[in-house]
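Inspection log for the structure reproduced underneath, given as structure tokens.
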Amino acid sequence: MHMWYWFGVDLDNFLFPGYNISTVWGLVATCLGLAALAVLFEAMKVFQIHLQQTVIRSVPRTTSASSESSSLLSKVTLKNFKTYTRCGRCMKWSLQTLHWSLHTTLGYILMIAVMTYNAYITIALAIGACLGYWIFGPRLIQLNMQRFHRKQAIAECDKNCEDIVSNQQRRESAVSIVAEQLVTEANIEVHVSRDT
């Protein structure tokens, strides 16, 4: 096994026992296959973000406001029954976990291929990764920017909401100060001496 980069055709037991490369055409076919896997690796990054967004969208947004007349059973309908039993989210989460494990496994396989230190294989993987990024990179950047803008909108809302909440707290504290003064004034006892 080589511990430095080398240009050669003979690869014995490449990635799997019994997969021996001994001809130029075998090396070319292997390099094309690895380049295609590198493109697939970049495509799977985009698909992973799509899966994450579907899982995030499926999380129900609940409100804590409830009235005395509303009961728990009245809120359970056929539409949101899946969210109570978590089957819908469980299937999406399982799909996302399966995709993540396949993506990680493919990444390790590509890493092991580079660790053969064959220069042709490393060049093929670099070209495949560049081609994959050229194809899927703009979409990946767009999805990441959308996620960033959503987080920024939440942060801006939090700043505005913080001002609203602090103004409301000031009003409540002013009301409580006035109420405390009224209680204090009401509790003052006047003692008048009867000597006169």
Q.
If I go through the stretch 20-37 residue by residue, how many of them are open to solvent by 80 Å² or more (accessible area, probe 1.4 Å) and within 22 Å of Ala129 (Cβ to Cβ)?
A. 1
Q) Quick check: anything in the stretch 120-132 assigned to a helix (DSSP H, G or I), exposed (fewer than 13 other Cβ atoms within 10 Å of the Cβ) and either among the small types (Gly, Ala, Ser) or at pLDDT 85 or above (or both)? A) no
**Q.** Selection count where residues are touching a residue at least 60 places away in the same chain (Cβ under 8 Å) and open to solvent by 60 Å² or more (accessible area, probe 1.4 Å), scope the stretch 38-58
**A.** 3
**Q.** Enumeration of residues in the stretch 92-108 that are open to solvent by less than 30 Å² (accessible area, probe 1.4 Å) and among the aliphatic types (A, V, I, L, M)
**A.** Leu106
Q.
Looking at Lys45, Lys79, can you tell me which residue is of a type in the set (Lys, Arg), over 30 Å from Asp12 (Cβ atoms) and at pLDDT 90 or above?
A. Lys45
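The values are calculated or read from the model by the stated rules, or taken from the named source; none is laboratory data. Source: prediction; values computed, not measured. Heads up, the Cβs are rebuilt from the backbone with ideal geometry, glycines too, and the neighbour counts pull from every protein chain shown. Heads up: the accessible areas ignore ligands, DNA and RNA and are worked out on the full protein's heavy atoms, side chains in. Shrake-Rupley method; radii C 1.70, N 1.55, O 1.52, S 1.80 Å.
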